[in-house]
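Notes to accompany the following structure.
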Amino acid sequence: MGLLKVWDDNPMVIDVEAARADTKGTGQVIHLNNAGSSLVPRPVIDTVIGHLRREEEIGGYEAAAETSERRENVYSSIARLIGATPGEVALTESGSGGWALVVSALPFATSRVLLSRTEYVNNVLVLRNLARRHGLQLVVLDDDSHGQVDVEHLQRELDRGDIALVALTHVPMGEGMVNPAAEVGKRCRAAGVAFVLDACQSVGQIPLDVDALGCDVLVGTGRKFLRGPRGTAFVYVRETLLERLEPALRDRQPAVCSPGGSEPEAEARLLESWETSIAGRLGLGRAVDYALELGLEPIRDRVRTLADAMRSRFASVPSVHLHDRGLIKCGIVTFSVQGRTAEQVKAHLAGHRINVSVAALPPSTADAVLWPNIRRQTIVVRASAHYYNTDSEIDRLIHALH
């Protein structure tokens, strides 16, 4: 079934009905928790179950041997998705695990690490442990007047020198913003500093190109806006950085000497563990292909349209307060309801078969981890739309809030 419509005034428009026909869950719930885990489309489910059936029929190793070419195609698909080469892509089981794996494998010859205030909490925990081990100083960058990372503060710190790396979460868990990653990458490139981008919330809803972003490392996950299986993720490492990696675990074939006795060409796969879910990886590849077939630009446009409609219609509910920031916003909408906790709102909406999640918005995620005595935080409701959602579903959300 085709998922794109071609109209004279808009040559690439997602066929929402076709997308919903591919998505069984749309007949059961209104799913606005895509920033947590999207509803998986039928072709992805069929891919995962199909491989598990082969394992059931002929054995795990034997079923894997049948899929060698298809597994290689997963790397090629991810490379096309982000503008990389297949050798720069590694497959992991989680985004946070992949992020920790690659950052922990980086050599730290200098002493300062720069990170944003909205950096994902697990990333901050990893950096804190690395700081203790290597004597690093963690520098938290200011937000600008729009609430996103302040690139001028970044520039001042880069000018001071002695920077090991810059870490940035492209789309934070809440507040709906898209950080100016390309501008950060441009400045890191000029300073010759490694730039690590957490794209777990942006991959699948926003077009990504690692050269345009200027990042040396990019991490993405399968279960969110890519609509892949849980337990799947990937890591991109720029080719020029691969030779400098020192992973603690090396049990993949690229790390083994070739028959001629020479070291093979460095590949990101040296970060991988040999034992993994083949069905999951094939499902991830199918999810990436599914997104590529639709096109990331049409996906981005539809997701933004739905999220903007949600923000606009919240204005009709006097008790609702929006918490979104940033110059550029995405499909994540965060809000609170006067007189109700976020958990109470989530439970109320669940009673109407509407899925949302909750998120903690401290004044600074990084500060809250580095200085645990900071307890001020706001727990908000997070509604995250995807292209298979509809205007009528947003109307039902607003009606349930009224």
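Residues whose amide H lies under 5 Å from that of Val13, counting only those 5 or more places away or on a different chain, are Lys5, Trp7; hydrogens are built 1.01 Å from N in the peptide plane. Taking amide H as placed 1.01 Å from N in the peptide plane, Asn33 has its amide H under 5 Å from the amide H of Ser384, each at least 5 places away in sequence or on another chain.
In the chain, helical runs assigned H by DSSP with n ≥ 4 each contribute -39500 (n - 2.57); averaged across all residues and rounded to the nearest 500, the mean residue ellipticity at 222 nm is -12000 deg cm²/dmol.
The string of couplings for region 197-203 from the Karplus curve (6.51, -1.76, 1.60, θ = phi - 60°) is 10, 8, 10, 4, 8, 9, 5 Hz, one whole number per residue in order, with x for Gly and Pro.
Stretch Arg42-Glu69 to full length: gain in nm at 0.36 nm per residue minus the Cα-Cα span? List each step's numbers first, then the result.
On the way: separation 27, 0.36 × 27 = 9.72 nm, distance 2.21 nm.
Here the segment from Arg42 to Glu69 would lengthen by 7.5 nm.
By the scheme Lys and Arg +1, Asp and Glu -1, what is the net charge of all other residues having a beta-carbon under 13 Å from that of Gln28?
Counting the neighbours of Gln28, the net charge comes to +2.
Gaussian network model of the chain, Cα springs within a sub-10 Å range: biggest mean-square fluctuation belongs to which of Arg53, Arg42, Arg300? For the chain, modelled as a Gaussian network with Cα springs under 10 Å, the answer is Arg53. Given the C-alpha centroids of region 272-336 and region 106-138, what is the distance between them in whole angstrom? Each part reduced to its Cα centre gives a spacing of 28 Å. Taking amide H positions as modeled 1.01 Å from N, with prolines and chain starts lacking one, the residues under 5 Å from Ile379 and 5 or more places away or on another chain are Leu361.
What FRET efficiency, computed as 1/(1 + (r/R0)^6) with R0 = 30 Å and r the Cβ-Cβ distance, is obtained for Asp308 and Gln344, rounded to the nearest 0.05? Let's see the in-between values first.
Values: r = 26 Å, r/R0 = 0.88.
Efficiency, rounded to the nearest 0.05: 0.70.
Would you mind getting me the FRET efficiency between Glu246 and Tyr61? Use the beta-carbon distance for r and R0 = 30 Å, nearest 0.05.
Values: r = 30 Å, r/R0 = 1.01.
The value I calculate is 0.50.
Positive-end ranking of Leu226, Thr390, Pro86 along the dipole of the chain, with charges on Cβ about the Cα centre, is headed by Thr390. A simple spin-label model places pseudo-atoms 7 Å from Cα toward Cβ; at Gln137 and Arg189 they are separated by 2.9 nm. I'd like to verify something in the chain: which complete DSSP H helices, judged by Cα projection on the helix axis, reach 18 Å or more and average at least -1.0 on the Kyte-Doolittle scale? Long hydrophobic helices here: 42-58, 68-82, 121-134, 278-294, 296-314. For the chain, a simple Cβ point-charge model (Lys and Arg +1, Asp and Glu -1, everything else neutral) yields a dipole of about 1300 debye relative to the Cα centre.
Rule-based calculations on the coordinates, nothing more; no lab input. On a predicted model such as this, the values are computed, not experimentally measured, just so you know. Don't worry about glycine lacking a Cβ; one is built from the backbone with ideal geometry, like all the others, and counts go over all protein chains shown.
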